[in-house]
Amino acid sequence: MSTRTTFEDRLLDELKKEIGQREPKAPVRPLSAPRRIAVVAAACAAAWLATVTLPGSPTDSTAFAVEPRGDGSVILTVKDQSISADAQRALAGKVRQWGIHVTVDVLPPGYICVRSKVTPLVGIDKHGNRVPIVPFKAGWDVTLRPGNVLAFENTRGVSRPRAVEIYKTRAEAEPCVPMKIVLPDD
């Protein structure tokens, strides 16, 4: 039998010495059950809030869906009429890759864009004609093609767009020129 120490034996001895030299730590006081529950609940709430509010989270896709088609067009499904200006901007970033431009105008209360005196949703039919789109109660679908412009008009502080229009090309799209709404005197 060999009395020669191996590298592993020397390493184990050094480790034992190191542990023996450490100062004993103060005893850890366990949290009481209600405090433990509160800490865990706070951590869970923070994790949930981060999931809901951070960009790129799954909630970004709840306002709209974009489905590419084989002909270069996309089907845009707006799932909720209350698509916020932030969701509209996210949509702009998503459809840009297909050559579709989105404008998002946010106006102060009491103003509208001159271009949108009438507020129905206007789309383009298969013949290239502008036609009104009747939104469903929960949302609406529209086909967008490369070169189309989707224009959202919003009023600051309101959760849904005041007007949405679709133009065939940028040349056809009218810019938002703010106009103060003047109500007639009674």
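What number of residues in the range 93-135 are assigned to a loop (DSSP other than H, G, I, E, B), within 24 Å of S159 (Cα to Cα), modelled with pLDDT of 65 or more and open to solvent by 40 Å² or more (accessible area, probe 1.4 Å)?
Filtering the range 93-135 down to residues assigned to a loop (DSSP other than H, G, I, E, B) leaves 99-100, 108-110, 117-120, 125-129, 134-135.
Next cut, within 24 Å of S159 (Cα to Cα) only: 100, 108-110, 117-120, 134-135.
Restricting the remaining residues to those that are modelled with pLDDT of 65 or more gives 100, 108-110.
When the remaining residues are screened for being open to solvent by 40 Å² or more (accessible area, probe 1.4 Å), the result is 108-109.
Counting residues in the range 93-135 that are assigned to a loop (DSSP other than H, G, I, E, B), within 24 Å of S159 (Cα to Cα), modelled with pLDDT of 65 or more and open to solvent by 40 Å² or more (accessible area, probe 1.4 Å) gives 2.
On the given criteria, is A90 under 13 Å from the mean Cα position of the chain (by Cα), open to solvent by less than 40 Å² (accessible area, probe 1.4 Å), at pLDDT 80 or above and aliphatic (A, V, I, L, M)?
No, not satisfied.
Of the residues in the range 136-166, how many are of a type in the set (F, W, Y) and modelled with pLDDT under 90?
Residues of the range 136-166 of a type in the set (F, W, Y): 136, 140, 152.
Checking which are modelled with pLDDT under 90 leaves us with 136, 140.
Adding up the residues that qualify gives 2.
The values are calculated or read from the model by the stated rules, or taken from the named source; none is laboratory data. For clarity, every value in this text was computed on a predicted model and none was experimentally measured. Ligands, DNA and RNA are excluded from the accessible area calculation, which covers all protein heavy atoms including side chains. Shrake-Rupley method; radii C 1.70, N 1.55, O 1.52, S 1.80 Å.
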